[in-house]
1. Kindly indicate which of VAL354, VAL310 is within 25 Å of THR218 (Cβ to Cβ) and in contact (Cβ under 8 Å) with a residue 40 or more places away in the chain.
2. Which ones in segment 385-418 are over 18 Å from SER233 (Cα atoms) and under 17 Å from the mean Cα position of the chain (by Cα)?
3. Looking at segment 369-385, I want the residues that are assigned by TED's automatic domain parsing to the domain that holds GLY332 and farther than 21 Å from LEU220 by Cβ and have a partner that is outside any helix (DSSP H, G or I) and charged (D, E, K, R) with Cβ atoms under 8 Å, at least 6 apart or on another chain. Which pairs are those?
4. Got at least one residue in segment 170-190 being in contact with a Leu (Cβ under 7 Å, 6 or more places away or on another chain) and closer than 24 Å to PRO362 by Cβ?
Amino acid sequence: MKDNSEIKKIAASILKWIFFGILCGLVVGCAASIFGKLIGWGSNAFSEYPWLLFCMIPAGLAIVGWQRLLKIKEVRGTNLVIESVREGCRLPCKMAPHIFVGTVLTHLTGGSAGREGAALQIGGSLGCTLGNLLRFKEEDCRRTIMCGMSAAFSALFGTPLAATIMSMEISTVGVMYHSALAPCMFSALTAHLVAEKVFGLSEADLTLAAVPEIDIRTILMVILLAICCSAVSALFCWVMHKTAHLEKQYLKNDCLRIVVSAAVVIAATLAIGTRMYNGSGAAVIEQCISDPGFKIFPAAFLIKIVLTAVTLGGGFQGGEIVPSLFTGAAFGNLFAQVCGLPSPLCSALGAAAVFCGVTNCPVTALMIAFEMFGFGAGTLFLLVVAVTYLFSGYFGIWSSQMIRFSKYDPGIIDRKTH
């Protein structure tokens, strides 16, 4: 009797989470796809109408006004999502509309930010809200948030494998929430199908055309690239945190801070003379991978880091993930000009490495590399991610992320990233 009761309980739990994963994938997948369509519209409009750059200041004020209308005192973004996953507490439902509107306005007017980081916030909020509507217990909210994160990331990025793993890996470095694997997988796959089949969202094919033979020189060059990318990822995190801290310290008023941030981005864009650093930078990543003869400006990765830090630190909404991929691809392209390895390969390796370094998610970095660039250079991706994870230290773009286990010793350290 006891055995039958236990079997029924397990079966009910399995069916419950399969149902929720699929439902969450449908709901969040639709919302994320609409979000992606609007982001695409905003980015295209910015490219077509250059004068939209000068609307960045009123757009920033609109974002602050929208935040106040929703009565959000402090915008903590992905940090709040990470804490909610780790501690198993609920997310506010008004987080999704705030990030939704703010990110679209940021892309429409040329702010340097991504969309997938925002997707984690929108997805987490919607997943939690859906769990609340279904009257799930408090202890279930961790998995409802993770399902929402997986669904939104998968719909927008087109990488269901990476989306499944990232929500399980992101909050506590060294710990994987395996109990969420099945529901997150169903959620990610469903959202991916919704985005692709219903809304027509698709990513460019960035599969590496050719991979050189792996020899001692190639291995040594890739290790050197990984060590350099570790430093780049640490710089990315430091600049992001330092800029946000300085802006809040010296520009305490939200409106003034976002106006100054917009003015800096506008002035920098005009001074540089190109708009390749505005928006997420996905087009530049594509060019680095698809054009073997493309040689990027040497300081491109630095410019992208600074503009992203100013944009997000000032109060504009968006994510850091695609800018980190831009930074890695740009640095990889520069490295290829020196080491002699194929430029597309180095750009792909650099993108995976910097993503790993700033997120502390090595398994997710591998999945993203495989889904974006193909499995042809799988050994080299594993090498560059492993070395970067080792050398990047305890830096991270999300200050709420907890390092559970040391990267160097078998002990528990329980410290936040910096």
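1. Among VAL354, VAL310, only VAL354 is within 25 Å of THR218 (Cβ to Cβ) and in contact (Cβ under 8 Å) with a residue 40 or more places away in the chain.
2. Passing the criteria: none in range.
3. From residues that are assigned by TED's automatic domain parsing to the domain that holds GLY332 and farther than 21 Å from LEU220 by Cβ, the pairs are MET372/GLU203.
4. No, that holds for no residue.
Residue-by-condition table, conditions (1) closer than 30 Å to LYS416 by Cβ; (2) assigned by TED's automatic domain parsing to the domain that holds GLU139; (3) not in a helix (DSSP H, G or I):
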{"site": "ILE14", "(1), (2), (3)": "no, yes, no"}
{"site": "ILE22", "(1), (2), (3)": "no, yes, no"}
{"site": "ILE34", "(1), (2), (3)": "no, yes, no"}
{"site": "GLY40", "(1), (2), (3)": "no, yes, no"}
{"site": "SER47", "(1), (2), (3)": "no, yes, no"}
{"site": "LYS73", "(1), (2), (3)": "yes, yes, yes"}
{"site": "LEU80", "(1), (2), (3)": "yes, yes, no"}
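Yes/no per residue for (1) outside the structural domain of LEU53 (by TED's automatic domain parsing); (2) within 20 Å of THR78 (Cβ to Cβ):
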residue: ALA182; (1), (2): no, no
residue: ALA210; (1), (2): yes, no
residue: ALA234; (1), (2): yes, yes
residue: LYS242; (1), (2): yes, yes
residue: LEU251; (1), (2): yes, no
residue: ILE266; (1), (2): yes, no
residue: ILE272; (1), (2): yes, no
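The values are calculated or read from the model by the stated rules, or taken from the named source; none is laboratory data. Note that this is a predicted model, so its numbers are computed, not measured. With ideal geometry, Cβ positions are generated from the backbone for all residues, glycine too; neighbour counts draw on all protein chains shown.
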